[in-house]
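The structure appears right after this line, and notes come after that.
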Amino acid sequence: MPTKKATTAKASAPASSNETWKWVYVIGVLVASLATAFQFKAADPYLGWILMVVGVLVGIFYFDSGDLMNFGIRYLTLFAAKAGLDAVPAVGPFITGFFTGFFNFLGPVVLAMVVMFFLKKYFGVTR
């Protein structure tokens, strides 16, 4: 009969940098998606700039540029899918706005991933 391995209680360590960037990404997606879905215009130029800077930073520090091909395919699939969501009665514009905001937030993320991919591949730059 196999013996049980003793489980040790993990000490609560502070959140790693990767964990922090994950939450920055999630919050950025939610803010961009909901602001576009509800057509929030109060902080119109500033919110867009802030989300663009956050998207670039998330693309540099959170995502792996080696996964650029798969991420790009997901980005283009979202582009194709967001246009067809208007066909849903009653909630179509809301759903389309939500996915349009998500798509718009991912634009700077993809751009930063492309730049990091080329910097790593051709210049040997590491984060």
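The values are calculated or read from the model by the stated rules, or taken from the named source; none is laboratory data. Every value quoted in this text rests on a predicted model; they were computed, and no experiment measured them. Every residue, glycine among them, receives a Cβ derived from its backbone with ideal geometry; neighbour counts consider all protein chains shown. Ligands, DNA and RNA are excluded from the accessible area calculation, which covers all protein heavy atoms including side chains. Shrake-Rupley method; radii C 1.70, N 1.55, O 1.52, S 1.80 Å.
Tabulated data
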| read-out | value |
| --- | --- |
| Failed condition for Tyr46, given (1) open to solvent by 70 Å² or more (accessible area, probe 1.4 Å); (2) closer than 21 Å to Lys22 by Cβ; (3) of a type in the set (Ser, Thr, Tyr) | (2) |
| Residue in the stretch 116-126 that is of a type outside the set (Asp, Glu), closer than 18 Å to Thr36 by Cα, out of contact with any Leu (no Cβ under 6 Å at 6 or more places or on another chain) and open to solvent by 90 Å² or more (accessible area, probe 1.4 Å) present | no |
| Residue in the stretch 27-41 that is open to solvent by 40 Å² or more (accessible area, probe 1.4 Å) and under 25 Å from Phe117 (Cα atoms) present | yes |
| Subset of the stretch 93-115 that is β-branched (Val, Ile, Thr) and either open to solvent by 30 Å² or more (accessible area, probe 1.4 Å) or within 22 Å of Val56 (Cβ to Cβ) (or both) - its residue that is nearest to the chain's Cα centre (by Cα) | Val109 |
| Residue count, the stretch 24-68 (criterion: at positive phi and at pLDDT 95 or above) | 0 |
| Within the stretch 27-50, tally of residues that are in a helix (DSSP H, G or I) and among the aromatic types (Phe, Trp, Tyr) | 2 |
| Yes/no for Phe79 being of a type in the set (Phe, Trp, Tyr), open to solvent by 90 Å² or more (accessible area, probe 1.4 Å), closer than 17 Å to Gly107 by Cα and more than 14 Å from the chain's Cα centre (by Cα) | yes |
| So Ala90, is it surrounded by fewer than 18 Cβ atoms within 10 Å (Cβ to Cβ) and either among the acidic types (Asp, Glu) or modelled with pLDDT under 95 (or both) | yes |
